[in-house]
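Contents: one structure, followed by commentary.
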Amino acid sequence: MRTTPLAYIAAILALAACSKASGTTVQDTTPTAPSASKATQQGITWGPAPAFLPPGAQIAVLEGDPTAVGTFTIRLKLPNGYKIPPHTHPTVENVTVLSGTFRAGMGTTFDDSKLTDLGRDGFVSIPAEHAHYAMARGETVVQVHGLSPFVLTYVNPAAATR
């Protein structure tokens, strides 16, 4: 037997009438979808980058909590000449260049001759525990996303001090 939408509506109304008569409440237990995260360029709030990064960068958290278990999406605004010393992460790091030139290098020693220039819409995915470093040419904005917590371990621990 095929049930029509009208039969569903009649059943819901009958259930509601019975609930009111018995003094009980019917709750909607339909699971809700996760809310979407969205940001416009004008709606992004920038602040100083965390202390584990060299001074001068700014950060905006778009999605998630980079310090808690889950996923995250952040943007970093880097001034011209900004350098991030060789470091690793325990999870994959995905970087998309939104503006400027992001210069990325792989290895445990910062070597200008091994930097690869990535312009607008450039993308790099760095495997977990893979040593890498970076530099900005011109003011550069990158979007970083991945699994959190976002942890950065410098190859040379002295590089971690501000």
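The values are calculated or read from the model by the stated rules, or taken from the named source; none is laboratory data. Please read these numbers as outputs of a predicted model, since none were measured by experiment. Methodologically, a virtual Cβ is constructed for each residue, glycine included, from the backbone with ideal geometry; neighbour enumeration extends over all protein chains shown.
A few remarks follow.
- Residue in the stretch 127-134 that is farther than 24 Å from residue 71 by Cβ, buried (at least 17 other Cβ atoms within 10 Å of the Cβ) and in contact with a Pro (Cβ under 7 Å, 6 or more places away or on another chain) present: yes
- Pair list, Cβ under 8 Å, 6 or more apart: the stretch 74-92 residue at pLDDT 95 or above, other residue basic (Lys, Arg) and surrounded by fewer than 18 Cβ atoms within 10 Å (Cβ to Cβ): 80/137; 81/137
- Single unsatisfied condition, residue 38 versus (1) surrounded by fewer than 16 Cβ atoms within 10 Å (Cβ to Cβ); (2) charged (D, E, K, R); (3) at pLDDT 95 or above: (3)
- Residue in the stretch 54-90 that is nearest to the chain's Cα centre (by Cα), counting only those that are crowded, with 18+ Cβ neighbours inside 10 Å and polar (S, T, N, Q): 73
- Near pairs, Cβ below 6 angstrom, 6+ apart or cross-chain, from the stretch 112-135 (under 21 Å from residue 54 (Cα atoms)) to any residue that is part of a loop (DSSP other than H, G, I, E, B): 131/107; 131/108; 131/155; 133/110
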